[in-house]
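Participant: Got a structure here, written out as structure tokens. Questions coming.
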Amino acid sequence: MTRPRSAAALAAGALTLTLAAVLAAPATATPASRPGGPGGPAAPTAAGPSDSATTSAVVTPVAATAPMTVITANPSDSQKCLDVTGQSTASGTLVEQWTCNGGTNQQWYWTEAGELVSVASGKCLDIPRFSTDGGVQAIIWPCNGGTNQQWTRTLVHHAGVYNLTNVNSGLNLDVQGASPADGTPVIQWPQTYGLNQWWFYGSVPTARG
């Protein structure tokens, strides 16, 4: 899939929170080892000397926010963002990971109801048909107050890394198969403690003149 490049794409490096900065600090919880699966392999358990002083993961309240990028901690050669495929604003458009480029289809904001809304379309991140099955790909859909459009944030690393869990299904937002490739589907999947289920936030890049 080929995407148009813009001046904003040149500003992807201006994201204020980088994966290296996030993972350099000690974690709040050391996950137990779990088997891998379609949602991706388990995260490494050796995080450094702070492991012996960890605490339980914390579910944080969701508050309304300004637009931001939502970035996967899934290892890759470039930072990948939660992306609405093809910059489409049509209802039912699939959500994927794509190299962060500053496009409005990669910008999101939280509502107080726990909805994650795409700036480009004004539509909510949605699990279609209230499915509770693992592997169902996320889409955008007009916000309607359904629990399949509501997400809880569980802090898994004190530097601001979260699991995003669908209220209806109890499953986590997941980069399928832990693939680093652009265009990889973003799905819901049971907790695996993998980095492909870890998400953090960045500022919206400003285009350079």
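Every number in this text was worked out from the coordinates using simple rules, so none of it is lab data. Since we're looking at a predicted model, the values are computed, not measured. All Cβ positions, even for glycine, are placed from backbone atoms using ideal geometry, and neighbour counts span all protein chains on display.
Participant: Using the Karplus equation 6.51 cos²θ - 1.76 cosθ + 1.60 (θ = phi - 60°), what ³J(HN,Hα) coupling, rounded to whole Hz, does each residue of segment 69-76 give in order, writing x for Gly and Pro?
Facilitator: Each residue's phi maps through the Karplus curve to give 9, 10, 10, 7, 8, 4, x, 7 Hz.
Participant: Along the positive direction of the dipole of segment 73-197 (beta-carbon charges: Lys, Arg +1; Asp, Glu -1; about the Cα centre), which of GLN137, SER179, PRO75 reaches farthest?
Facilitator: Checked the options; the winner is GLN137.
Participant: Further question: Apply the Karplus parameterisation 6.51 cos²θ - 1.76 cosθ + 1.60, with θ equal to phi minus 60°, to every residue of segment 175-191 and state each ³J(HN,Hα) to the nearest whole Hz, in sequence, with x for glycine and proline.
Facilitator: For segment 175-191, the Karplus curve yields 7, 4, x, 6, 6, x, 6, 4, x, 5, x, 9, 10, 9, 7, x, 3 Hz.
Participant: Is the shape of segment 158-205 best called rounded, prolate or oblate, per the rule: a/c under 1.5 gives rounded, else a/b larger than b/c gives prolate, else oblate, with a ≥ b ≥ c the square roots of the Cα gyration tensor eigenvalues?
Facilitator: Details: a/c = 1.64, a/b = 1.13, b/c = 1.45.
Taking the square roots of the gyration eigenvalues as a ≥ b ≥ c, segment 158-205 is oblate.
Participant: If a/c stays under 1.5 just call it rounded; otherwise compare a/b with b/c (prolate if a/b is bigger, oblate if not). Do that for segment 86-209, with a ≥ b ≥ c from the square roots of the Cα gyration tensor eigenvalues.
Facilitator: rounded
Participant: Dipole of segment 87-209, Cα-centred, from +1 at each Lys and Arg C-beta and -1 at each Asp and Glu C-beta, to the nearest 20 debye?
Facilitator: Numbers: 4 positive and 7 negative charges, 34 e Å.
Roughly 160 debye, rounded to the nearest 20.
Participant: Fewest Cβ neighbours within 10 Å first, please rank ASP182, ASP133, ASP77 accordingly. Kindly include the intermediate steps, with their values, before the conclusion.
Facilitator: Working: ASP182 15, ASP133 12, ASP77 7.
Going from sparsest to densest Cβ surroundings: ASP77, ASP133, ASP182.
Participant: What is the gain in length, in nm to one decimal, between ALA63 and TYR109 on full extension, counting 0.36 nm per residue of separation less the C-alpha to C-alpha distance?
Facilitator: Stretched fully, the ALA63-TYR109 segment lengthens by 15.6 nm.
Participant: Under 5 Å between amide H atoms, partner at least 5 residues away or on a different chain: which partners does VAL204 have, H built in plane at 1.01 Å?
Facilitator: THR69
Participant: Please name whichever of TRP151, TRP199, TRP189 sits farthest to the positive end of the charge dipole of segment 112-208, dipole taken about the Cα centre and charges placed at Cβ: Lys and Arg +1, Asp and Glu -1.
Facilitator: Projecting each Cα onto the dipole axis, the largest value belongs to TRP199.
Participant: Another question about this same structure. List the chymotrypsin sites (Phe, Trp or Tyr not before Pro) in segment 75-130 that DSSP assigns to loop (not H, G, I, E or B) and whose Cβ has at most 12 other Cβ atoms within 10 Å. Which are they?
Facilitator: none
Participant: Continuing with this model, one more query. Quick one: grab the alpha carbon gyration tensor of segment 123-189, order the square roots of its eigenvalues as a ≥ b ≥ c, and give me rounded if a/c is under 1.5, else prolate or oblate depending on whether a/b is larger than b/c.
Facilitator: Taking the square roots of the gyration eigenvalues as a ≥ b ≥ c, segment 123-189 is oblate.
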